[in-house]
Amino acid sequence: MAPKPFFLLSFFLLFLLLPISSLPSRLNLWPQPTSISWSTPAAIPLSPYFSIQPHFSSHIYLHRAITRYTRLILSERHRPIIPPVVNLSNSSLSSLHLSISDLSAPLQPGVDESYSLYISTSGSTLTAATPWGAMRGLETFSQLVWGHQPVVPIGLRIFDKPLFTHRGLLLDTSRNFYSVRSIFRTIRAMSYNKMNVFHWHITDSQSFPIVLPSEPELAAKGSYGSGMSYSTRDVKRIIQYGLSHGVRVVPEIDMPGHTASWAEAYPEIVTCANRFWAPTGKPALAAEPGAGELNPLHAKTYQVVQNVLHDLSTLFLDQYLHAGADEVNTACWETDPAVTHFISAGGTHDQILEKFINLTHPYITDTLNRTVVYWEDVLLGPYVKVRPATLPTESTILQTWNNRAKNTKRIVQAGYQVIVSSSDFYYLDCGHGGWVGNDSRYDVQEAESSDELFNDPGGNGGSWCAPYKSWQRVYNYDILYNLTEEEAKRVLGGEVALWSEQADETVLDAKLWPRTSAAAEVLWSGNRDSDGIKRYAEATDRLNEWRYRMVRRGIQAEPIQPLWCVLNPGMCNLEQ
Amino acid sequence: MIPSMTSSFPMAPKPFFLLFLLLPIPSLPSTLNLWPQPTSISWSTPAAIPLSPYFSIQPHFSSHIYLHRAITRYTRLILSERHRPIIPPVVNLSNSSLSSLHLSISDLSAPLQPGVDESYSLYISTSGATLTAATPWGAMRGLETFSQLVWGHQPVVPIGLRIFDKPLFTHRGLLLDTSRNFYSVRSIFRTIRAMSYNKMNVFHWHITDSQSFPIVLPSEPELAAKGSYGSGMSYSTRDVKRIIQYGLSRGVRVVPEIDMPGHTASWAEAYPEIVTCANRFWAPTGKPALAAEPGAGELNPLHAKTYQVVQNVLHDLSTLFLDQYLHAGADEVNTACWETDPAVTHFISAGGTHDQILEKFINLTHPYITDTLNRTVVYWEDVLLGPYVKVRPTTLPTESTILQTWNNRAKNTKRIVQAGYQVIVSSSDFYYLDCGHGGWVGNDSRYDVQEAEPSDELFNDPGGNGGSWCAPYKSWQRVYNYDILYNLTEEEAKRVLGGEVALWSEQADETVLDAKLWPRTSAAAEVLWSGNRDSDGIKRYAEATDRLNEWRYRMVRRGIQAEPIQPLWCVLNPGMCNLEQ
């Protein structure tokens, strides 16, 4: 029988009253798959009894994903802002057949996430090497479905795999607290965007919110209080939630810097705790308010640190364990007599840091059998660093945040694998003013002189990393910039970061989405079209549609344009 | 953790604090966290009294529907909020209880209008509590203050407390742009509710613009039918009435703005003949831009039908909205857009000027608003100050025209008041809440820069605006420190009605509304109510930080998703997050 034209007119008219120019039909997927072909604009209704087969009941995480996606596919009733114009098949699609070659593959660094998807009138097939690749394919299938009477495109072939194995998001739960519920929502949104690493920056100087079985006092005294800490059960639920969504949970306990919160339980192992962070006329004791660092010259430090690391390795399953090591402040250490004695006896700050690394790194790698991730500072300084020999390249990954491509290159040239989190592109908290108190710099009524810009155009308004990193900025970052092919192989991927001095769960979604989606696409399939041209213009329209879809899925992502721009394609461009 | 509590009462006092915090808190003098800070407050000794479970506000003023609703609402809030301060006041607790707040109002009939008396005084002692106000609207301000004084799982209020309070400025507003993106009625309700918590009194509703025309007007239903974003994204007459009623119940005026003759591309969906340059690309290559941003189109003052539609719109607006003010826009009129129309080019080539065209429009609309509709017109300052097109001051009678300034900070404020106009201050350098959030136009290659930028081409790098024309972001500190009377004489200052923060919505809709508005709007609310200086005349931003932290958490508990301004650690460690010791 001849297919009848199906314009989804009912929606179209109900939703939009502005005239829309006729457009070529296109599918809005995010992230864009590596390879997609859709021969003719045709679609098939989903049967009300649509199911994903088999159920893989033996694989609890995959099974949960199948159940979840079945429900989403049948209940979402997605309304595209500009609906594809398609011919509608008069048959219906009753199932998606799932085929997985290695069901036992664990969710770990480098796991195969590729999949292929084929949908025709005679059926649909999703093939993946692993359950985790299957989850990526299920997400793609769910994004292909639209309409009050759900339909999916037919004549469609997708082959898809990520460019980078590490596609992450860092959330800082120390400066301000986030509920387990908001972390669930974030992991859920990550899975919508095919991201696979939730980098949990659990502790910092401001609070110690994780309850550790061997060191319960750290949270009991160092968290923000009752209802603002993560129990062992909370942690397990978060990890399980991640597994069901194909998202690894990589824990970070930042040390030896950024540890003032440890002093609530163990004042003796923390230097400069409870001191004002920026004493008048002296070097600052920390990069921001909340000064305090573990004392590498105190024996008890290692007892506590080992307990913490041990508990961490017991609680968290991931191969990676992030141990911080950023922004170590020598002035804070020097408030301790043992340190000043060591220095005056000819010792160096680098030696003190090396002592700390030497007494913790092997424990993590050899005893706990984990790969250590550190911030680049441990190797690159600027004020204190260790010799490369201290950090075996085979068991150490470095995460870069300064100097963009330059530091990435330095790190990979030194032989390390690297995770890219350039603050110039990937720091989602930037450009939001400052937060330190009693700051007179905002109290300026007149125009500022050009060499003292603060509030005026050209000033940073109080934010050290202004301007704001828009989705366009995130999207256009080439994390392999200026690397040789060999060097590029050591780039595992990237992570956007939300530092939480000015954020908590009230603003979480808006801070993350859709800017994190921008990174998610670039890390999955890049930021260029098949001709190698940057595709930010095309991505704008697709991201608009995706943002509205995320909102309907319960993620309070912010709008990137007036709706008028979505309805009038091209009319909001910078140039004609 | 908390020092000994003593009581002058015969029965042993119970220690009263909240098990909220586990971090040790240094002992602090008891402070009451009110926002905005009242003009005058005295609290002799740190003592408080429990509220009776049967606490009530008397009388109920059942005859005054708006006040009655406020009394009902605050009674419920006071008894159910169970507010937990982050740093609870340390107080002696009275062993009696407070059973009522007595309300006394001298002029119950005073309407909610510009300049209405909002003063109140509040006295709370063991023997009772009294709130006295000249008008129902002042009473609502006092009820809000009373509600903020209550804290605890077993609610208590301070005693020995006297507050006298009145606003510095009569116009304390918030502008919301519902045209670039749509906001639900529910989210507007929430915003008005939050405004009342902050004693703000004007919701400036920038209803229409070039991108959409979301209000359904009885005489011109086609404007919304064709110009809104679609079904479910327009405001019906019933919606508008509900919003106005909601405002009245909270002492918040609703001032409507229909922006014209510029910013009117959306009108062209229904009436293409009265709109110039509609549907044209906003920034044609090698030619002057047709609009300040995508979405070009302006009413044609030389077309007779323009006035027919405009009069219908204005008439409907005056029927729907009760407020004395009617905002008619008049910002950013673009002459290149007009010049796409043959009648305009003919007029210009015959020796006419753009200023004359604008004057024609103003002359044919301003008197209609003031004389026929009996409203005071508010315009953006552009109508008088240009820069590209403007009218002569004689076109704008000072007694019926208010100008709203947004450029050049104090300079334009001064120019406007010196010209004899009353002014509402919305400096984009201080009060524009959308600034510093990157850009939104499409296909923009400027973000695609991997290397460091040269110092004369900063865009993404520090010093660049990242795509936002009014970067950097206006933090609460920046909002708070703005002196809207800066550099004015005492006489000039009298013509400053107040200020409005503004949320333009190119990059906002209701998903992010609360975070964009709060607590930055709270900063403006305090400054416009009681200023930004302490009793010694010193800027009080340091003290305000702690108070605003507490207030932000309280707003969150009241359902307003205000953003945090600091790590919680800073609130728990007062002074430790300051810039300098």
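The values are calculated or read from the model by the stated rules, or taken from the named source; none is laboratory data. Source: prediction; values computed, not measured. Counting neighbours? That spans all protein chains shown, and the Cβs are built from the backbone with ideal geometry, glycine included. Surface areas here come from the heavy atoms of the whole protein model, side chains and all, with no ligands, DNA or RNA. Shrake-Rupley method; radii C 1.70, N 1.55, O 1.52, S 1.80 Å.
How much net charge surrounds B:Ala283 when only the other residues with a Cβ under 13 Å from the Cβ of B:Ala283 are counted, with Lys and Arg +1 and Asp and Glu -1?
Numbers: positive: B:Arg280, B:Lys287; negative: A:Glu575, B:Glu293, B:Asp444.
So the environment of B:Ala283 carries a net charge of -1.
R0 = 25 Å: FRET efficiency of B:Arg76 with B:Val185, Cβ-based, nearest 0.05?
Numbers: r = 22 Å, r/R0 = 0.87.
Computed FRET efficiency for B:Arg76 and B:Val185 comes out at 0.70.
Could you tell me what % of all Cα pairs in the protein assembly as shown have separations over 62 Å? Don't jump to the answer; show the numbers that get you there.
Values: 73669 of 668746 pairs.
In whole percent, the long-distance tail amounts to 11.
Mind jotting down the distance between the C-alpha centroids of segment B:324-383 and segment B:197-260, whole Å?
One Cα centre to the other: 22 Å.
How many partner chain Cβ atoms sit within 10 Å of a residue's Cβ in peptide B:461-469, on average, as a whole number? Let's see the in-between values first.
On the way: counts 3, 10, 7, 4, 6, 9, 6, 5, 1.
That average works out to 6.
Relative to the present Cα-Cα distance, how much length would full extension add between A:Thr125 and A:Ala488 at 0.36 nm per residue of separation?
Details: separation 363, 0.36 × 363 = 130.68 nm, distance 3.37 nm.
Between A:Thr125 and A:Ala488, full extension yields 127.3 nm more.
Provide a list, ordered by number, of residues in segment A:472-507 showing at least 10 Å² less accessible area with every protein chain present than when their chain is taken on its own, using a 1.4 Å probe.
Buried on complex formation: A:Gln472, A:Arg473, A:Asn476, A:Asp478, A:Tyr481, A:Glu501, A:Gln502, A:Asp504, A:Thr506, A:Val507.
Which three lengths, in whole Å and largest first, does segment B:421-580 cover when its Cα atoms are put on their principal axes?
Ordered largest first, segment B:421-580 gives principal extents of 51, 46, 36 Å.
When DSSP beta bridges are limited to those with both residues in chain B, what percentage is antiparallel, rounded to the nearest 5? Write out the running numbers ahead of the final one.
On the way: 24 of 71 bridges.
If I count the DSSP bridges inside chain B, around 35 percent turn out antiparallel.
Chain pair B, A: how much accessible area is buried, both chains summed, with a 1.4 Å probe, in Å² to 100?
8100 Å²
Using only alpha carbon positions, build the gyration tensor of segment A:442-507, then give the equivalent ellipsoid semi-axes as the square roots of 5 times its eigenvalues, largest first, whole angstrom.
On the way: eigenvalues 231, 67, 17 Å².
For segment A:442-507, the ellipsoid semi-axes come out as 34, 18, 9 Å.
With a 1.4 Å probe and all protein chains left in place, how much of the accessible area of the protein assembly as shown comes from carbon and sulfur atoms, in whole percent? Each step should come with its number before you reach the end.
On the way: 21270 of 40490 Å².
After summing per-atom areas, the C and S share lands at 53 percent.
Rounding to the nearest 10 and keeping the result within 0 to 90°, find how far the Cα-based axis of helix A:60-75 lies from the longest principal axis of chain A.
So the helix axis and the longest Cα principal axis differ by about 50 degrees.
Indicate, rounded to the nearest 5 percent, the antiparallel portion of the DSSP beta bridges found entirely in segment B:105-264.
On the way: 13 of 26 bridges.
Roughly 50 percent of the beta bridges in segment B:105-264 run antiparallel, per DSSP.
Once every DSSP H run of n ≥ 4 in the protein assembly as shown is given -39500 (n - 2.57) and the sum is divided by its residues, what mean residue ellipticity at 222 nm do you get, rounded to the nearest 500 deg cm²/dmol?
Working: 37 runs with 350 residues, N = 1157.
Per the formula, -8500 deg cm²/dmol.
Just need the Rg to Rh number for segment A:223-358, please, alpha carbons only, Kirkwood Rh. Please list the in-between numbers first.
Details: Rg = 16.8 Å, Rh = 16.3 Å.
Rg divided by Rh gives 1.03.
Tell me, what is the percent relative contact order of segment B:446-581, built from C-alpha pairs under 8 Å that lie six or more residues apart?
On the way: 94 pairs, mean separation 25.2, N = 136.
Once normalised by length, the contact order is 19 percent.
Which whole-number value in Å² is the accessible area per residue of segment A:403-452, probe 1.4 Å?
Numbers: 1880 Å² over 50 residues.
Result: 38 Å² of accessible area for each residue.
Once the principal axes of the Cα atoms of segment A:57-120 are found, what is the range along each, listed largest first in whole angstroms?
Reported extents, whole Å, longest axis first: 40, 25, 21.
Just the number please: accessible area per residue for segment B:476-553, 1.4 Å probe, all protein chains included, in Å².
Numbers: 2170 Å² over 78 residues.
With the other protein chains kept in place, segment B:476-553 gives 28 Å² per residue.
Using only the Cα atoms of segment A:335-460, what semi-axes does the equivalent ellipsoid have when each is the square root of 5 times a gyration tensor eigenvalue? Give whole Å, largest first. Intermediate values should be presented prior to the final figure.
Values: eigenvalues 265, 97, 35 Å².
Gyration-tensor ellipsoid for segment A:335-460: 36, 22, 13 Å.
Can you give the accessible area of A:Trp471 in Å² (nearest 10), computed on protein heavy atoms with a 1.4 Å probe?
20 Å²
Normalise the Debye intensity by I(0) for segment B:354-400, one equal point scatterer per Cα, no solvent, then take log10 at q = 0.25 Å⁻¹ and round to two decimals.
Each listed q corresponds, in turn, to -0.92.
So what does log10 I(q)/I(0) come out to for segment A:79-188 at q = 0.14, 0.17 Å⁻¹, using the Debye formula with one equal point on every Cα and no solvent?
-0.74, -0.94
In peptide B:533-545, how many Cβ atoms from other protein chains are near each Cβ within 10 Å, on average? Intermediate values should be presented prior to the final figure.
Values: counts 0, 0, 0, 0, 0, 0, 3, 0, 6, 4, 2, 2, 5.
That average works out to 2.
How big is the Rg/Rh ratio for chain B, C-alpha atoms only, Rh by Kirkwood, two decimals?
Working: Rg = 25.7 Å, Rh = 25.6 Å.
We get a ratio of 1.01 for chain B.
Aspartates and glutamates within cross-link reach of A:Lys406: Cα-Cα under 13 Å, excluding same-chain residues under 8 positions apart?
Within the straight-line limit of under 13 Å, A:Lys406 reaches these aspartates and glutamates: A:Glu376, A:Asp424, A:Asp478, A:Glu487, B:Glu451.
Determine the percent antiparallel among the DSSP beta bridges restricted to the protein assembly as shown, to the nearest 5.
Numbers: 51 of 147 bridges.
Here the antiparallel bridges make up roughly 35 percent for the protein assembly as shown.
Using the heavy atoms of the protein chains and a 1.4 angstrom probe, tell me the accessible area per residue for segment A:84-182 in square angstrom. List each step's numbers first, then the result.
Details: 3060 Å² over 99 residues.
For segment A:84-182, the per-residue accessible area is 31 Å².
Could you name the aspartates and glutamates whose alpha carbon sits less than 14 Å from that of A:Lys282, not counting residues in the same chain fewer than 8 places away?
Counting by Cα, and skipping residues close in sequence, A:Lys282 has these aspartates and glutamates nearby: A:Glu334, B:Glu580.
If you take every residue apart from A:Ile36 with its C-beta less than 9 Å away from the C-beta of A:Ile36, what net charge results, scoring Lys and Arg +1 and Asp and Glu -1? If you can, show how the numbers build up before the last one.
Working: positive: A:Arg157; negative: A:Asp160.
Residues near A:Ile36 contribute 0 overall.
So for segment B:485-561, averaging the separation of alpha carbon pairs under 8 Å that are six or more residues apart and normalising by length, what relative contact order in percent results? Don't skip to the end; give the middle numbers.
Details: 27 pairs, mean separation 20.9, N = 77.
Over segment B:485-561, the number comes to 27 percent.
Using the Cα centre as the reference, give the magnitude of the dipole from point charges on the C-beta atoms of segment A:241-377 (Lys, Arg: +1; Asp, Glu: -1; all else neutral), rounded to the nearest 20 debye. Spell out each step's value before the answer.
Values: 6 positive and 17 negative charges, 42 e Å.
Approximately 200 debye in magnitude.
Taking only the C-alpha atoms, wrap a convex hull around segment A:265-323 and report its volume per residue in Å³ as a whole number. Can you show the working numbers first?
Details: hull volume 6.7 nm³, N = 59.
It comes to 113 Å³ per residue, whole-number rounded.
So for segment B:382-436, averaging the separation of alpha carbon pairs under 8 Å that are six or more residues apart and normalising by length, what relative contact order in percent results?
Details: 55 pairs, mean separation 16.5, N = 55.
Reported relative contact order: 30 percent.
Quick one: which of A:Lys489/A:Lys511; A:Lys194/A:Lys236; A:Lys511/B:Lys411; B:Lys199/B:Lys494 span more than 26 angstrom between C-alpha atoms? Numbers along the way, then the final one.
Working: A:Lys489/A:Lys511 31 Å; A:Lys194/A:Lys236 22 Å; A:Lys511/B:Lys411 35 Å; B:Lys199/B:Lys494 21 Å.
The pairs that break the limit, which is 26 Å between Cα atoms, are A:Lys489/A:Lys511; A:Lys511/B:Lys411.
In the calculated pair distance distribution of segment B:220-273, what percentage of Cα-Cα distances lie above 16 Å? Kindly include the intermediate steps, with their values, before the conclusion.
Numbers: 769 of 1431 pairs.
For segment B:220-273, the share of Cα pairs beyond 16 Å comes to 54 percent.
Along the Cα-to-C-beta direction of A:Glu446, a point sits 7 Å from the Cα; which residues of segment B:467-494 have their amide N less than 13 Å from that point?
Label zone hits: B:487.
Residue by residue, what Karplus-based ³J(HN,Hα) values in Hz, rounded to whole numbers, does segment A:370-382 have, using 6.51, -1.76 and 1.60 with θ = phi - 60° and x for Gly and Pro?
Coupling constants for segment A:370-382: 10, 8, 8, 10, 10, 5, 4, 3, 4, 9, 9, x, x Hz.
Compute the length gained on full extension between A:Trp464 and A:Leu368: take 0.36 nm times their separation in residues and subtract their Cα-Cα distance, giving the result in nm to one decimal. Before the final figure, lay out the partial values.
Values: separation 96, 0.36 × 96 = 34.56 nm, distance 3.70 nm.
Length gained between A:Trp464 and A:Leu368: 30.9 nm.
Just tell me which lysines come within less than 30 Å, Cα to Cα, of B:Lys287; anything on the same chain fewer than 8 places away is out.
A:Lys534, B:Lys226, B:Lys305, B:Lys360, B:Lys390
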